[in-house]
Amino acid sequence: MKLSDIRNEYTIKSLDFNDVSFDPFNQFRVWLDEAIDSEVPEVNAMCLSTLGLNGFPNARIVLLKEMDYGFVFFTNYKSEKGQEIEANPKASITFFWSELERQVRIMGLIEKVSEKESDEYFLSRPKGSQIGAWTSPQSATIADRNELNSRLEEMEKRFSSEPLTRPDFWGGYRLVPIKIEFWQGRPSRLHDRICYDKQSDGSWKISRLAP
């Protein structure tokens, strides 16, 4: 089958002003809860797009771990994404829940979460993941898998005799949104799009966008 012949018709739901909350965070929680109830696989997976140091957009999948006044994820601060965020703390994240024919696009500014928040999340992780954070020089070039395995053995030996703490190069980021768009698939590619734009006074302007 040719890629150009692959088509799906979206018919499950609709989206209108009467369907949405005045608060985009409340609206996101409603959709997230529906995705969880529908048992969408990897429901908290999101595509994080940053601006590369070479000027090109750079995207990868990360996991949403908390939501308060922003969207929180955790990573190695020295990783490629960490370096890009340090140079330009603006990013976007995208959720796609195909089972519900829904997409959410979020644009905003990035800040680090507090050390306390990073510590609490790090200590809630499985021990293997904690040791993995110490093991991997994320995004750095390595010779082969054996190098990684050797580092893992070294860290397992180290932390067999001392307590596991969060490395200072690892922690959380929060994307604080300035724009959130909810997309609901509809027939004939005439999709529903409701967009929230943050205003200077902190309120949200809600608009309907053409598909």
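Each reported figure results from applying straightforward, stated rules to the coordinates on display, with no laboratory input. All figures in this text were calculated on a predicted structure; none of them were measured in a lab. A quick note on method: Cβ atoms are made from the backbone with ideal geometry, for glycine too, and the neighbour counts reach across all protein chains shown.
Computed with the Debye formula from one identical point scatterer per Cα of the range 128-192, without solvent, the log10 of I(q)/I(0) at q = 0.13, 0.17 Å⁻¹ comes to -0.58, -0.70. Size descriptors for the range 1-121: radius of gyration and Dmax over Cα atoms are 16.6, 52 Å.
Each distinct pair of alpha carbons in the chain adds a 1/r term; the inverse of their mean, the Kirkwood radius, is 19.4 Å. Applying both filters, DSSP loop and at most 12 other Cβ atoms within 10 Å, to the trypsin sites (Lys or Arg not before Pro) of the range 3-86 gives ARG7.
Rounded to two decimal places and with Rh computed the Kirkwood way over Cα pairs, what is Rg over Rh for the range 96-211? Rg divided by Rh gives 1.17.
Taken over the range 18-68, the convex hull of the Cα atoms encloses 122 Å³ per residue. If you take the charge dipole of the range 13-68 about its Cα centre, with +1 on Lys and Arg Cβ and -1 on Asp and Glu Cβ, which of VAL30, GLY55, VAL40 is farthest toward its positive end? Checked the options; the winner is GLY55.
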